[in-house]
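Peer 1: My structure is below; once you've seen it, I'll send some questions.
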Amino acid sequence: MADDEPTAGIADRRDLAVRAAVEQGLVGGADGADPLVCLLDAAGIEASAAALHAAFAAALPAGTPVLHTFAVKAAPLVAVLRLLSRAGLGCETASPGELALARAAGVAPDRTVLDSPAKTTAELREALALGIAVNADNAQELARIDALMASAQSRSPLGLRVNPQIGAGSIGSTSTATATSKFGFALRDEGARARVVAAYAERPWLTRLHTHSGSQGVPLALSARGVRELYELAEEINAAAGRQQVDTLDIGGGLPVNFGSDRETPTFAEYVEVLREAVPGLFAGRYGLVTEFGRALLAKHGLLVARVEYTKSSGTRPIALTHAGVQVATRTVYAPGSWPLRILAYDAKGRPRAGEPAVAQDVAGPACFAGDLLAENRPLPLLNPGDLVVAPDTGAYFFTAHYGYNSLPRPAVHGFRLAPDGVRFTLVRPAQRLSDLVAEAGGNHADALLEP
């Protein structure tokens, strides 16, 4: 947070930002204003980064090597990665595109981790040449790394990702440590653990061990159980080697987010306490640590602001038709039970419509299918054309992960900070022009399928 930035609670900051976005013509009904805009609270992001650093620093002996990385998939925006880099975080990448974004943000190779279950030989060769940390996902990938390491020297820290197979949380599709998860070496399969221990014995350059067992819907105790399995495996590997071959544990991320209110819970400090109880040896200073949090750092600091274009009723149900739907809230639209969003009502000037009678209504998006709903039968002040609906907690995996259904263009993303003279906005990602959308759809190759 800048020294001259006024402090305010998350709700107050949101209200100030929405009203300023209308007044400054970023969204709303003014001529030229966009009907949909996405906002990121830069100071809030910085505060989350600081809380992450503080939580682990308070629990670890001074001098313990720790690298906190940001899971780029959660918010693949260069300005976000640059901001987090300035706040002391590296990047966890899972594709060539994410790696390119990290490099564009100026994140150093030695502060970058490459994870993915489907790395190509070219991706591995690039990572090893740059000195980027690599977590191998499976035995076939490890064989590729063997071949590359035989022909070249690399500074890359290398390790294996393991799946402790501890079970699922409440959202199956985001549970990565189930018995049949596609990620990592499945430790409880017959003979698998012995093969992992042997892999380290045969390769002195394997010095890391990685797991990611948490996610939205996974309770902290279950996440900590996965980390405990990782720690115990590292101890077993080191005992077999007769030395501390594994010197760093990458414990992933996956801290869930509270989407039900403005309260930020669970906190990083609360997670650290759960880890300390479950895996006390993790905090003895004998192992360096890497973390890979994403949603927990960004979600609470982003919001969608959409204009109500029309209102109607169907079967006596009021419906507000807006410009925010499946393209910016894909998970909510397709799995509303797992990914519900709060919806807040504001008037056309960006003022909260608080204290008004609530009427159950649908808040619908612009896409051409019936299920494109941000909220169904939701009690809200009865919305009118020109009003604004705001979806908070959308800073990760929502508008940063645009879905191109109906060729709906990507909306602009602006960062904001509070200043003594008001709210200052900076452009993070411009709105997608229709000409760019046409070009992406092959507009320059319109005759490609015609007979010559």
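Peer 1: Which of the residues that make up the stretch 37-55 are of a type in the set (A, V, I, L, M) and either assigned to a helix (DSSP H, G or I) or closer than 24 Å to residue 132 by Cβ (or both)?
Peer 2: 42, 43, 45, 47, 49, 50, 51, 52, 54, 55
Peer 1: So, in the stretch 121-137, of the ones that are part of a loop (DSSP other than H, G, I, E, B) and surrounded by 18 or more Cβ atoms within 10 Å (Cβ to Cβ), which residue ends up modelled with the lowest pLDDT?
Peer 2: Checked the stretch 121-137; the qualifying residue modelled with the lowest pLDDT is 137.
Peer 1: Test each condition in (1) surrounded by fewer than 19 Cβ atoms within 10 Å (Cβ to Cβ); (2) more than 20 Å from residue 159 (Cα to Cα) for residue 95 and report the one that comes out false.
Peer 2: (2)
Peer 1: Mind listing whichever residues of the stretch 427-452 are aliphatic (A, V, I, L, M) and surrounded by fewer than 13 Cβ atoms within 10 Å (Cβ to Cβ)?
Peer 2: 427, 434, 439, 441, 446, 448, 449, 450
Peer 1: Still on this structure, please answer the following. Out of everything in the stretch 214-246 that is of a type in the set (Val, Ile, Thr) and not in a helix (DSSP H, G or I), what residue ends up being modelled with the lowest pLDDT?
Peer 2: If we take residues in the stretch 214-246 being of a type in the set (Val, Ile, Thr) and not in a helix (DSSP H, G or I), then 218 is modelled with the lowest pLDDT.
Peer 1: Let me ask another. Give me the residue from the stretch 151-186 that is at pLDDT 90 or above and in contact with a helix residue (DSSP H, G or I) (Cβ under 8 Å, 6 or more places away or on another chain) and, out of that set, farthest from residue 219 (Cα to Cα).
Peer 2: Residue satisfying both the conditions and the ranking: 154.
Peer 1: In the stretch 262-302, which residue that is in a loop (DSSP other than H, G, I, E, B) and without any contact (Cβ under 8 Å) to a residue 24 or more places away in the chain is farthest from residue 235 (Cα to Cα)?
Peer 2: Checked the stretch 262-302; the qualifying residue farthest from residue 235 (Cα to Cα) is 263.
Peer 1: Somewhere in the stretch 247-259, is a residue hydrophobic (A, V, I, L, M, F, W, C), modelled with pLDDT of 90 or more, surrounded by fewer than 16 Cβ atoms within 10 Å (Cβ to Cβ) and closer than 29 Å to residue 64 by Cβ?
Peer 2: Checked the stretch 247-259: no residue is hydrophobic (A, V, I, L, M, F, W, C), modelled with pLDDT of 90 or more, surrounded by fewer than 16 Cβ atoms within 10 Å (Cβ to Cβ) and closer than 29 Å to residue 64 by Cβ.
Peer 1: Looking at 359, 363, can you tell me which residue is in contact with a Leu (Cβ under 7 Å, 6 or more places away or on another chain), more than 26 Å from residue 299 (Cα to Cα) and modelled with pLDDT of 95 or more?
Peer 2: The match here is 359.
Peer 1: Tell me which residues, restricted to the stretch 198-231, are of a type in the set (A, V, I, L, M, F, W, C), over 15 Å from residue 256 (Cα atoms) and in contact (Cβ under 8 Å) with a residue 40 or more places away in the chain.
Peer 2: Within the stretch 198-231, 199, 201, 205, 206, 209, 227, 230 meet the criteria.
Peer 1: Now, a different point. Within the stretch 394-408, work out how many residues are of a type in the set (Ser, Thr, Tyr) and either assigned to a loop (DSSP other than H, G, I, E, B) or without any contact (Cβ under 8 Å) to a residue 12 or more places away in the chain (or both).
Peer 2: Summing the residues that are of a type in the set (Ser, Thr, Tyr) and either assigned to a loop (DSSP other than H, G, I, E, B) or without any contact (Cβ under 8 Å) to a residue 12 or more places away in the chain (or both) in the stretch 394-408 gives 4.
Peer 1: While we're looking at this one, here's another question. What residue, of 225, 208, is surrounded by 16 or more Cβ atoms within 10 Å (Cβ to Cβ), of a type in the set (Lys, Arg), under 27 Å from residue 93 (Cα atoms) and in contact with a strand residue (DSSP E or B) (Cβ under 8 Å, 6 or more places away or on another chain)?
Peer 2: Step by step, each of 225, 208 is checked, and only 208 is surrounded by 16 or more Cβ atoms within 10 Å (Cβ to Cβ), of a type in the set (Lys, Arg), under 27 Å from residue 93 (Cα atoms) and in contact with a strand residue (DSSP E or B) (Cβ under 8 Å, 6 or more places away or on another chain).
Peer 1: From the list 367, 391, which residue is farther than 23 Å from residue 259 by Cα and either aliphatic (A, V, I, L, M) or part of a helix (DSSP H, G or I) (or both)?
Peer 2: None of the other options fit; the residue is 367.
Peer 1: Have a look at 118, 58 and point out the one that is surrounded by fewer than 19 Cβ atoms within 10 Å (Cβ to Cβ), assigned by TED's automatic domain parsing to the domain that holds residue 195 and part of a helix (DSSP H, G or I).
Peer 2: 58
Peer 1: Let me ask something additional. How many of the residues making up the stretch 334-357 are without any contact (Cβ under 8 Å) to a residue 40 or more places away in the chain and either among the polar types (S, T, N, Q) or under 24 Å from residue 17 (Cα atoms) (or both)?
Peer 2: 4
Peer 1: Same structure again: Could you count how many residues in the stretch 410-423 are buried (at least 16 other Cβ atoms within 10 Å of the Cβ) and either touching a helix residue (DSSP H, G or I) at 6+ places or on another chain (Cβ under 9 Å) or not assigned by TED's automatic domain parsing to the domain that holds residue 394 (or both)?
Peer 2: Total satisfying the criteria: 8.
Peer 1: Still on this structure, please answer the following. Out of curiosity, is residue 325 among the small types (Gly, Ala, Ser), under 25 Å from residue 22 (Cα atoms), at pLDDT 95 or above and not in a helix (DSSP H, G or I)?
Peer 2: So residue 325 passes the test.
The values are calculated or read from the model by the stated rules, or taken from the named source; none is laboratory data. Values in this document were obtained by computation on a predicted structure and should not be read as measured data. For neighbour counting, all protein chains shown are included, and Cβ atoms are generated from backbone atoms with ideal geometry for every residue, glycine included.
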